[in-house]
1. Can you pull out every residue in the stretch 174-220 that is loosely packed, with under 14 Cβ neighbours inside 10 Å and either more than 18 Å from residue 159 (Cβ to Cβ) or aliphatic (A, V, I, L, M) (or both)?
2. Filter the stretch 257-269 down to residues that are under 37 Å from the mean Cα position of the chain (by Cα) and surrounded by 15 or more Cβ atoms within 10 Å (Cβ to Cβ) and give me whichever is farthest from residue 218 (Cα to Cα).
3. Restricting attention to the stretch 95-115, which residues are part of a loop (DSSP other than H, G, I, E, B), among the hydrophobic types (A, V, I, L, M, F, W, C) and more than 17 Å from residue 151 (Cα to Cα)?
4. Given the condition in contact with a Phe, Trp or Tyr (Cβ under 9 Å, 6 or more places away or on another chain), assigned to a strand (DSSP E or B) and either modelled with pLDDT of 95 or more or over 27 Å from residue 65 (Cα atoms) (or both), answer yes or no: does some residue in the stretch 153-160 qualify?
5. Determine whether residue 157 is surrounded by fewer than 18 Cβ atoms within 10 Å (Cβ to Cβ) and within 16 Å of residue 256 (Cβ to Cβ).
6. Take residue 177 and decide whether it is free of Cβ contacts under 8 Å to residues at least 24 places away in the same chain, in the same structural domain as residue 203 (by TED's automatic domain parsing) and within 26 Å of residue 278 (Cβ to Cβ).
7. Here is a check on your reading of the model: is residue 40 among the small types (Gly, Ala, Ser), surrounded by 20 or more Cβ atoms within 10 Å (Cβ to Cβ), at pLDDT below 95 and part of a strand (DSSP E or B)?
8. From (1) assigned to a strand (DSSP E or B); (2) within 25 Å of the chain's Cα centre (by Cα); (3) among the acidic types (Asp, Glu), pick out the condition that doesn't hold for residue 230.
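The values are calculated or read from the model by the stated rules, or taken from the named source; none is laboratory data. Just so you know, these numbers come straight off a predicted model, no measurement behind them. With ideal geometry, Cβ positions are generated from the backbone for all residues, glycine too; neighbour counts draw on all protein chains shown.
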Amino acid sequence: MRNEKEALCHHIVLHLIPFLSCVWGTTSNQANPAQSGSAAEVQEEPLTQDELRSMFSNPDDYIGAKVELSGVVFGSVDSDEKGIYFQMWSDPVNIDRNTVIGYPDPSFQLEDGQYVKITGIVDHVAEGENMMGATVTAPAILADKVEVSSYIDVVSPTIATAAAAQPTVDQNGYAVTLEKVELAEDETRLYVSITNNGTGNFSLYSFNSTIIQDGTQYESQFNYDADYPELQTDIRPGVTTKGIMTFPPVQQGPFQVIMEARSDNWDERFSEYTFDVNLQ
């Protein structure tokens, strides 16, 4: 689903390299004097979230303003002897807020799909054409810092962490460890490792796992955008696998994690792998 949406949204085709010598940096760090009283006059602090929303609607009004943005790179990353130039979605969840970035470090390595955090100033407004030939615009940011980040830090930051009272449960030589738990506004992440020291092949499926909190049962949900590592199934003896299970967001309080598992040795009996989790 995400790939289809991205294909539809990759509509701004900006030829960045021709802008480099003649456009980038021609705007000074001073706000346009004609914009007296505008947010662009304030250079010491970056734009607030409310001001950023306004900036994406009317970037011309914020030339020279300092910004702190994060997002996901899309399309090719161009470069010349002066720097690198790329586009990113500053709202990667909705694949929105197309932003053009120029960064004066030609040695900086970046590629499509990476998450980044940037600071810089609104340098100019870039223009391009969409697939229908209509003119579209995007704010062009002259960055003084670009930092490669992650999906979690940009899209789903951790707001609290939790841990199991007994992190490892071992049955018949099949050890399941709940290494850590992260709570975010949009999901709950369980970091799980499994070590097979038993005699058979072992399987534990996220769809057979649940969270119980205050009388409510939460089923696992797959995050297609995050590309988290997945637990292997049908795990052979001597093998360890690690992955992240995702669930809907829960309250910042104690809860219980219950996982069902089995081996292909039908003589072995299993109870549910149960973990009592508390905030750290």
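1. 207, 214, 215, 216, 217, 219
2. If we take residues in the stretch 257-269 being under 37 Å from the mean Cα position of the chain (by Cα) and surrounded by 15 or more Cβ atoms within 10 Å (Cβ to Cβ), then 263 is farthest from residue 218 (Cα to Cα).
3. As a first pass, look at the stretch 95-115 and keep what is part of a loop (DSSP other than H, G, I, E, B): 95, 104-114.
Subsequent filtering for residues that are among the hydrophobic types (A, V, I, L, M, F, W, C) retains 95, 108, 110.
Selection gives 108 alone.
4. Filtering the stretch 153-160 down to residues in contact with a Phe, Trp or Tyr (Cβ under 9 Å, 6 or more places away or on another chain) leaves 153-155.
Cutting the leftovers down to assigned to a strand (DSSP E or B) gives us none.
Scanning the stretch 153-160 turns up no residue that is in contact with a Phe, Trp or Tyr (Cβ under 9 Å, 6 or more places away or on another chain), assigned to a strand (DSSP E or B) and either modelled with pLDDT of 95 or more or over 27 Å from residue 65 (Cα atoms) (or both).
5. Numbers: surrounded by fewer than 18 Cβ atoms within 10 Å (Cβ to Cβ): yes; within 16 Å of residue 256 (Cβ to Cβ): no.
Here the answer is no, as residue 157 does not meet what is asked.
6. Judged against the criteria, residue 177 is a match.
7. It is false that residue 40 is among the small types (Gly, Ala, Ser), surrounded by 20 or more Cβ atoms within 10 Å (Cβ to Cβ), at pLDDT below 95 and part of a strand (DSSP E or B).
8. Condition not satisfied by residue 230: (1).
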